[in-house]
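Have a look at the structure below, then the notes.
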Amino acid sequence: ARWAVVAWPERYGGRDASLWEWLIFEEEYYRAGAPPRITQNGIFLLAPTVFAFGTDEQRDHILPRMAAAQDLWCQGWSEPGAGSDLASLRSRAVRDAAEGGWRLTGHKTWTTRGAFCTHLFGLFRSDPGSERHRGLTYFLVPLDAPGVTVRGFQRLDGDDGFAEVFLDEVFVPDSAVLGGVGKGWQVAMATTGSERGLTLRSPGRFLTVAERLIALARQRSESVPPAVLDWIVGRWMQAQAYHLFTLQQVTRIAAGGEIGAESSLNKIFWSELDIGLHEAALEVLGPLGELDDQWSRGFMFSLAGPIYAGTNEIQRNIVAERLLGLPRK
Amino acid sequence: MYFGLGDDGVVLRDLLRDLLKEKCPPALIRQVASGSVPAAAADLWRTLAEVGVFATLLDEAHGGLGLTETAMVAVLEETGYAGVPLPTTETVAVVVPLLSGSARSDLLDSVLSGRVILSCWLDSVTGHGRGEPLVPYGAVATGALVATAGGVGLVDFASTGPERTVDGVRSLIRVDPSSATPLDIDPAGIRRAVLRATVGVSAELVGLARRMLDIAVDYVKTREQFGAPVGSFQAVKHHLANALIAVEFARPAVLKAGYSLATGDPDTERDVSMAKAMASEAALTVVKLTLQCQGAIAYTTEYDHQLFAKRAWALAAAWGGATAHRQRLAGLLGLVARSDSRPVQAESALS
């Protein structure tokens, strides 16, 4: 039905939807209570990169299979020693010229839905003498390749798709390189804006949570303390504000503008909004909040928001440096 | 939905921004705050009149700019940014529209031309301030439109001096509404004026907040301690990032309230309260964060920051503060019994 990737070209399984249409789709998707999309890391994180940097062959092969959920992609960036400081990553790619490819060795962690995925996109150090963000290459790796071990572990909110991925001289062909050898950092960073802000978390998601919060409060209005009502109104307003802010951005994008570092504002705001909405709900629920259900799980997951997609501390640095022009050092 | 200013609004805003930079320096704010009304204040007011700012909402048939409340929001954010020490919101949102709906076309002409400056005092939608008719800008205005038992009336300011206020520009004059000369204005028009003014000061608050942030950013880029600009320290970066977030997410809420007013949106009352609540909170937050980042210097009256901080404190509370508007929203969202949030004046359809 081609609903998975409405904004993509038809050729790759989409519906050529405009950004406005995508926003509307997202609002209706969340309002309908549709399930979380297992393909979302691929769709929101990898696909923009494939569109921007992929060869025609890569696009023709990867995108339709992603849209159809035949391939499920997870992101292999973080390592035990490389979280916020991604450039310190040590997983390496050693050239195997004889076989026409590379051998990947390393340890990736915090891989969302890694335990369920079929493929991983990741950054590996391909230039042995390089340091920091130089000498990295962006690879597309099938997780059923020999040498790959995936170990899932449970998250706070009960999700057990979270995983670490061990790679022991895993062979991938040259065609698994996305965007050019040694260009991994630029390729990865080109789309971090979309990860943080607009496309990872459309306003629809939070508008729906806010609606559910209001409904919950109305249902229990006799037992909700007035002070909590003030919380609820405040957080509901923030959900509306996020929506309006995004509409302004989309207005600019539709007119040919770019958001750039402004996406850091989106990320900080939605991640803290998500916590606020869920905290308010738990206040309304009172003792019922300790039941394992949508609200308590949603609350626990919301605590991850300020951590993933670039910690909010890093984001605030970016806001200060790139939007306000404050000096780096 | 096109959620932006529109070409006319953008042109007016940019023109105003340049004009105000030239004609409303901090020195002028200080003079008015100290109680004097220098020629430069009259000059600024006349310039605003000539540009047509006061006629923003007046239809073109009556010589106005024929723009809507979205343009009003843009205009008043600029006057807020500049800290204009004169009753711009009162004039644009209340005095001109209400006089144009009355028989007093003579007075309307005088106001539009800038010859006469009037302020106003109406009941806020939250009910705060009722029974305390304190009219702002008493030093520069000669009278005001005030809420009366029967609707709205005109008062001339007597010789009784203004109350001492934190922000000298505000110079509040206590009036007696029972002595006002009645104006025949329909309740829907009054209601609309209250909503517009609430949105108008919300826009001013966004402008004031942005001004304080700009002052702070400039300061921390150059002020050095421990061998580095203090703006390079993460704590300072995070404070100012939080200030930016507060402003940038309040602004679209204010614009949306203007848009709702302009389009007769059924959620207008809700959007207006949201705008005021968010703008008030944002401005109060920004005052604290920017004050903190600049340290003791910002605690002096010689430094310009306090000119905008004091205005922000006054406007955050005017026309209903953040908590009062959130409480009103709680009623509008069906979270409390409706009687707690019944509007102050009789509800009537916005025309």
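The values are calculated or read from the model by the stated rules, or taken from the named source; none is laboratory data. The structure displayed is predicted, hence computed values, not measured ones. Using ideal geometry, Cβ is built from the backbone for each residue, glycine included, and neighbour counts are taken over all protein chains shown. In case anyone asks, the SASA skips ligands and DNA or RNA and just uses the protein heavy atoms, side chains included. Shrake-Rupley method; radii C 1.70, N 1.55, O 1.52, S 1.80 Å.
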### Query
Hey, which of the helices (runs of 4 or more DSSP H) in the stretch B:27-115, taking only ones fully inside, have at least 2 residues that are under 25 Å from residue B:155 (Cα atoms)?
B:39-51, B:96-100, B:105-113
### Task
Return a yes/no flag: does the stretch A:49-68 have any residue that is more than 30 Å from residue A:105 (Cβ to Cβ) and among the small types (Gly, Ala, Ser).
yes
### Query
Are any residues in the stretch B:23-47 open to solvent by 60 Å² or more (accessible area, probe 1.4 Å), under 23 Å from residue B:167 (Cβ atoms) and not hydrophobic (A, V, I, L, M, F, W, C), and if so, which ones?
B:30, B:31, B:34
### Candidate set: the stretch A:46-81, residues that are among the aromatic types (Phe, Trp, Tyr) and within 19 Å of residue A:175 (Cα to Cα); chosen: the one least open to solvent (accessible area, probe 1.4 Å)
A:73
### Query
Would it be correct to say that residue B:213 is closer than 24 Å to residue B:282 by Cα, more than 14 Å from every other protein chain (Cβ to nearest Cβ) and of a type outside the set (D, E, K, R)?
no
### Query
Among the residues of the stretch A:205-227, how many are open to solvent by 10 Å² or more (accessible area, probe 1.4 Å), more than 7 Å from chain B (Cβ to nearest Cβ) and farther than 17 Å from residue B:271 by Cβ?
14
### Summary
If you go through B:131, B:114, B:153, B:127, the only one that is on the phi > 0 side of the Ramachandran plot, more than 15 Å from the chain's Cα centre (by Cα) and at pLDDT 95 or above is B:114
### Message
Show the residue pairs meeting these rules: Cβ distance below 8 Å; 6+ apart or different chains; first residue within the stretch A:84-99 and within 18 Å of residue A:166 (Cα to Cα) and of a type in the set (Ser, Thr, Tyr); second residue open to solvent by 80 Å² or more (accessible area, probe 1.4 Å) and assigned to a loop (DSSP other than H, G, I, E, B).
### Response
A:88/A:132
## Note on the structure
Within the stretch A:300-313, residues more than 10 Å from chain B (Cβ to nearest Cβ) and either in contact with a Phe, Trp or Tyr (Cβ under 6 Å, 6 or more places away or on another chain) or touching a residue at least 40 places away in the same chain (Cβ under 8 Å) (or both) come out as A:300, A:301, A:303, A:304, A:308, A:309, A:310, A:311
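Pick from B:150, B:131: which is under 27 Å from residue B:326 (Cα atoms), out of contact with any Ser or Thr (no Cβ under 7 Å at 6 or more places or on another chain) and surrounded by fewer than 16 Cβ atoms within 10 Å (Cβ to Cβ)?
The match here is B:131.
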### Summary
Selection from the stretch A:241-260 of residues open to solvent by 10 Å² or more (accessible area, probe 1.4 Å) and either of a type in the set (Ser, Thr, Tyr) or without any contact (Cβ under 8 Å) to a residue 12 or more places away in the chain (or both) yields A:244, A:248, A:251, A:252, A:255, A:256, A:257, A:258
### Message
Restricting to the stretch A:108-123, and then to whatever is in contact with a Phe, Trp or Tyr (Cβ under 8 Å, 6 or more places away or on another chain), more than 19 Å from residue A:173 (Cα to Cα) and not charged (D, E, K, R), can you tell me which residue is most open to solvent (accessible area, probe 1.4 Å)?
### Response
A:110
### Query
Among the residues of the stretch B:320-330, is there at least one that is open to solvent by 30 Å² or more (accessible area, probe 1.4 Å), within 12 Å of chain A (Cβ to nearest Cβ) and not in a helix (DSSP H, G or I)?
no
### Message
Looking at A:309, A:280 in this structure, which one is part of a loop (DSSP other than H, G, I, E, B) and open to solvent by less than 20 Å² (accessible area, probe 1.4 Å)?
### Response
A:309
### Pick from the stretch A:82-106, criterion basic (Lys, Arg) and within 24 Å of the chain's Cα centre (by Cα), ranking: most open to solvent (accessible area, probe 1.4 Å)
A:90
### Message
Given the criteria within 14 Å of chain A (Cβ to nearest Cβ) and aliphatic (A, V, I, L, M), does residue B:48 qualify?
### Response
no
### Query
Only one of A:24, A:43 is surrounded by 16 or more Cβ atoms within 10 Å (Cβ to Cβ) and of a type in the set (Val, Ile, Thr); which?
A:43
### Message
Can you list residue pairs whose Cβ atoms sit under 8 Å apart, with the first residue in the stretch A:206-231 being free of Cβ contacts under 8 Å to residues at least 12 places away in the same chain and of a type in the set (Asp, Glu) and the second being surrounded by fewer than 17 Cβ atoms within 10 Å (Cβ to Cβ) and part of a helix (DSSP H, G or I)? Count only pairs 6 or more apart in sequence or on different chains.
### Response
A:230/B:323
### Query
How many residues are over 15 Å from the mean Cα position of the chain (by Cα) and hydrophobic (A, V, I, L, M, F, W, C) when one looks only at the stretch A:16-49?
9
### Task
Determine whether the stretch B:4-11 contains at least one residue that is open to solvent by less than 30 Å² (accessible area, probe 1.4 Å) and more than 14 Å from every other protein chain (Cβ to nearest Cβ).
no
### Message
Which condition from (1) modelled with pLDDT under 95; (2) within 29 Å of residue A:314 (Cβ to Cβ); (3) open to solvent by 30 Å² or more (accessible area, probe 1.4 Å) is the one that residue A:238 breaks?
### Response
(1)
### Query
Would you call residue B:94 of a type in the set (A, V, I, L, M), touching a strand residue (DSSP E or B) at 6+ places or on another chain (Cβ under 9 Å) and under 21 Å from residue B:31 (Cα atoms)?
no
### Residue list for the stretch A:124-157, restricted to those being over 17 Å from residue A:174 (Cβ atoms), part of a loop (DSSP other than H, G, I, E, B) and among the polar types (S, T, N, Q)
A:130, A:154
### Query
So which pairs qualify, if the first residue must be in the stretch A:316-329 and at the interface with chain B (Cβ under 7 Å from one of its Cβ atoms) and under 11 Å from residue B:243 (Cβ atoms), the second must be open to solvent by 40 Å² or more (accessible area, probe 1.4 Å) and among the charged types (D, E, K, R), the Cβ gap must be under 7 Å, and the two must be at least 6 apart or on different chains?
none
### Task
Would you check which residues across the stretch B:218-243 are open to solvent by 10 Å² or more (accessible area, probe 1.4 Å), at the interface with chain A (Cβ under 7 Å from one of its Cβ atoms) and in a helix (DSSP H, G or I) and list them?
B:221, B:232, B:234, B:238
### Task
For residue B:61, indicate whether it is under 16 Å from residue B:114 (Cβ atoms) and without any contact (Cβ under 8 Å) to a residue 24 or more places away in the chain.
no
### Query
Is the stretch B:307-318 home to any residue that is open to solvent by 10 Å² or more (accessible area, probe 1.4 Å), closer than 15 Å to residue B:214 by Cβ and modelled with pLDDT of 95 or more?
yes
